[in-house]
Every structure is written in structure tokens, then in C-alpha cells.
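The structure appears right after this line, and notes come after that.
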Amino acid sequence: MKITFEGNKKVKVRVKDFDVWTDQPKEQGGDGSAPTPIDLFLASLGSCSGVFVLNFLKQHALPENVYLTLDPVWNINEYVIDKINVVIHVPAGFPEKYENALIEVAKRCLVARHVKVEHDITLTRDA
């Protein structure tokens, strides 16, 4: 990945053949033109859980009008997220016998599993 600065508080991340943009809200000096990095983190978690749920729905020929919502709980003293509530919403009439299975497959999300692991992140500069 390559990260470049694209004016004001915009940041571009080149991921494989894709560009992913972030910005800061206007009240923090940005243009509000893209999600913040923490928004992308939460989107990564949600979409990862969603992929596992979608694969389960397809595997069992279940209706795909299921959706997930994320509710981060912020620790305002530390300015970190202490908890992330992920809710799987199923339509009326969804087979009850699959509801717990949806939760279990969502737990297989690789992003969520990586968040639970302490990482050694090194920061250096080139010479």
C-alpha cells in the first residue's frame, strides 16, 4: 500500500488496483469529502462480517434482505472505541433456526479476529 497526501486533509491509499480516500470533517479542518480513517475501520469490520453472513445466506438459499448495523461505543476520555455493537437485522418470517447461526458465522470475520490480537506496528522513515 502507498499512502499519499492529496490536499488539505485528504489522504489517498493505493490498495492493489484501487484508490481509497479519507478526509476529515469540516469542523476538524477537512473538506468532509470522504470517510475518516476510523469510519473505514468500522466499514471494514462491518463489510467483513457482512461477507460471512451473505455467504451463509447463499449457502442455505435464504433471503438476502438481511442487513447489519454497527454502533461504536466511544470512550471519550481516551478517545478510543471501547465496544462495537454489531446487529444483524433479519426480515419478518426469517427462519428462527438460522438466527444464532448468523451470529456465529459473523464472528468468523477476519477483521474482528485481527482486532483482538495485539500487533507490533513499527514506524520508520526511509534514509
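The values are calculated or read from the model by the stated rules, or taken from the named source; none is laboratory data. Note that the structure is predicted; figures quoted are calculated from it, not measured. Backbone-built Cβ (ideal geometry, glycine too); neighbour counts: all protein chains shown. All accessible areas refer to the heavy atoms of the entire protein, side chains included, with ligands and DNA or RNA removed. Shrake-Rupley method; radii C 1.70, N 1.55, O 1.52, S 1.80 Å.
Mind listing just one residue for me: the one in the stretch 48-76 that is in a loop (DSSP other than H, G, I, E, B) and over 12 Å from F94 (Cβ atoms) and, of those, modelled with the highest pLDDT?
A61
Can you pull out the residues in the stretch 104-116 that are open to solvent by 80 Å² or more (accessible area, probe 1.4 Å) and either in contact with a strand residue (DSSP E or B) (Cβ under 7 Å, 6 or more places away or on another chain) or part of a loop (DSSP other than H, G, I, E, B) (or both)?
Of everything in the stretch 104-116, those that are open to solvent by 80 Å² or more (accessible area, probe 1.4 Å) and either in contact with a strand residue (DSSP E or B) (Cβ under 7 Å, 6 or more places away or on another chain) or part of a loop (DSSP other than H, G, I, E, B) (or both) turn out to be K107, R108, K116.
Name the pairs whose Cβ atoms lie under 6 Å apart, with the first residue in the stretch 61-87 and over 19 Å from A112 (Cα atoms), the second open to solvent by less than 60 Å² (accessible area, probe 1.4 Å), and 6 or more positions between them or separate chains?
If the second residue must be open to solvent by less than 60 Å² (accessible area, probe 1.4 Å), the pairs left are E64/L57; N65/P91; V66/V90.
Taking the stretch 20-35 on its own, how many of its residues are under 18 Å from K2 (Cβ atoms) and open to solvent by 70 Å² or more (accessible area, probe 1.4 Å)?
Counting residues in the stretch 20-35 that are under 18 Å from K2 (Cβ atoms) and open to solvent by 70 Å² or more (accessible area, probe 1.4 Å) gives 1.
Return a yes/no flag: does the stretch 20-29 have any residue that is among the hydroxyl-bearing types (S, T, Y), more than 30 Å from A92 (Cβ to Cβ) and in contact with a Lys or Arg (Cβ under 8 Å, 6 or more places away or on another chain).
Yes: the stretch 20-29 contains one or more residues that are among the hydroxyl-bearing types (S, T, Y), more than 30 Å from A92 (Cβ to Cβ) and in contact with a Lys or Arg (Cβ under 8 Å, 6 or more places away or on another chain).
Please tell me if I88 is in contact with a strand residue (DSSP E or B) (Cβ under 6 Å, 6 or more places away or on another chain) and surrounded by 10 or more Cβ atoms within 10 Å (Cβ to Cβ).
The answer is yes for I88.
Step by step: first the residues of the stretch 77-87, then only those that are of a type outside the set (D, E) and in a loop (DSSP other than H, G, I, E, B), then the one that is farthest from C109 (Cα to Cα). Which residue is that?
N77
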